[in-house]
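The values are calculated or read from the model by the stated rules, or taken from the named source; none is laboratory data. None of these values were measured; they are calculated from a predicted model. Cβ placement follows ideal geometry from the backbone for every residue including glycine, while neighbour counts extend to all protein chains displayed.
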């Protein structure tokens, strides 16, 4: 039973990747210029592949857990245990994350290697920056977790979930660069993205691996990520404390 | 050990009118209603006591327990468990408590039971030797070995409850909170649960707070009961005292040969008491009569029924705790 589940998940995931790439092929076919906003078609394909990679490495989705725990009342079972709820949730999600890394990250990585060899585009990726890329992705994971955790606290205040998932997903997808590279955004949107933590989840690591962020820019990008991790970590604690003090637990 | 002072918990509910119009209206301007689930209660429980905490549904029992375990934050008042304020130091308090919520499990659904215990061993940072000792103790009284390798989702209710009680006591908590621990269990299972609880209390002086509707549980385990009604504690004292003062009735069950038809027995006028003071139930060949023992003696009642019916068997009972408590719930107060 689990096997089918995994197969479908992986298949669906790569299928949508394939569609996205096809979309870009079509866009570039209709473009008068070979480069759009600094990306050639092949570079854009790599961008999407790498975003797919970072998406999988940083995969953390506590939102549904929190909603389920709360609605069901089973959050009380987590609260009677001598461990912080945020930490319990982190490790619960880590399981999914490891799974994602096994079934999506690894194949995607192999795919990237294969494509780059096949198209003789081995310089499209800054392979030397790979360790930095991993470190940046790790930071991205924590940013992703904390940001989603903070957002999920809304459940305690609004008693509404479905719309929330959609909203959060949309915001994260757009501002993490998963949809399109952030430099495609018009001025005001680009600035907004700069104020949000999501760029640090996928866009920054992706740019590092693509070799588009180097030297001092690289250092400040990592610095920004670190600051977000710290800031969101503290914010998560505060928000959670407040939610806990106002908690109504469902069920008798 | 457990100090509760002027504890109050209020909930805000938004009332909406019925129907579509009410739904839309409620979206913009819902009426705010404040409900006091727990209303200024105070009590002290000493280490090693086994206390029954009972009340009608909705009286405020679960809300109180949730505040004691640190899940809910009180609106006002104070709680201290072994010196710690539970909702302020949730994690520290959690190390010293065990909880069984009868309706829910704290075990990991998809994993074999043994894994759940191993996880708990880590969570509560138990040394190996201590863990082994506790596991063999619980295996003995609760027969966990039978199903210790099965995933929790495959366990029967009785098995799961036994596992939950072991899980709650594994780390030898100072306080054990039981919320409907024997619900849905058969007679044997209930007995095993009660034995396990009693043994822990005797061996480790575990303080036990039991919330239940099963008054047999209370009778077997608790020497003190607190009755909560509408958020207020209306009785705090021994079970014995309540039985003494409230147990003014006796119940006799007669098994008769004759077919009982609907003819009125007219016992009230025979004994010169008000019909409300008697409770007569007839089912097949069983006739059950509850009567005020101070006004009618057992001998008198028995004699009367023997006179009228061909009696095969007689059973005589003291006042049921159930009846006493039902009366208290009804009256909303205790007059001793």
For this session: Determine if the range A:230-247 includes at least one residue that is under 16 Å from the mean Cα position of the chain (by Cα) and either free of Cβ contacts under 8 Å to residues at least 12 places away in the same chain or away from every other protein chain (no Cβ under 14 Å) (or both).
Result: yes
Seminar exercise, completed: Taking the range B:83-118 and keeping residues touching a strand residue (DSSP E or B) at 6+ places or on another chain (Cβ under 6 Å), within 9 Å of chain A (Cβ to nearest Cβ) and surrounded by fewer than 19 Cβ atoms within 10 Å (Cβ to Cβ) leaves B:92
Exercise. All but one of (1) within 14 Å of chain A (Cβ to nearest Cβ); (2) buried (at least 19 other Cβ atoms within 10 Å of the Cβ); (3) touching a residue at least 40 places away in the same chain (Cβ under 8 Å); (4) not in a loop (DSSP other than H, G, I, E, B) hold for residue B:10; which doesn't?
Worked result: (2)
For this session: Specify the residue that is nearest to residue B:161 (Cα to Cα); the eligible residues are those in the range B:119-146 that are without any contact (Cβ under 8 Å) to a residue 12 or more places away in the chain, surrounded by 13 or more Cβ atoms within 10 Å (Cβ to Cβ) and within 14 Å of chain A (Cβ to nearest Cβ).
Result: B:119
For this session: Could you please give the count of residues in the range B:285-329 that are assigned to a helix (DSSP H, G or I) and over 27 Å from the mean Cα position of the chain (by Cα)?
Result: 11
Exercise. What number goes with the only condition from (1) within 27 Å of residue A:161 (Cα to Cα); (2) away from chain B (no Cβ under 14 Å) that residue A:39 does not pass?
Worked result: (1)
Seminar exercise, completed: The condition from (1) at positive phi; (2) in contact with a helix residue (DSSP H, G or I) (Cβ under 9 Å, 6 or more places away or on another chain); (3) surrounded by fewer than 22 Cβ atoms within 10 Å (Cβ to Cβ); (4) at the interface with chain A (Cβ under 10 Å from one of its Cβ atoms) that residue B:58 misses is numbered (2)
Exercise. When the range A:4-30 is examined, which residues are found to be in contact with a helix residue (DSSP H, G or I) (Cβ under 9 Å, 6 or more places away or on another chain) and farther than 30 Å from residue A:102 by Cα?
Worked result: A:27, A:28, A:29
Exercise. Just to be sure, is residue B:25 at pLDDT below 90, more than 11 Å from every other protein chain (Cβ to nearest Cβ) and assigned to a strand (DSSP E or B)?
Worked result: no
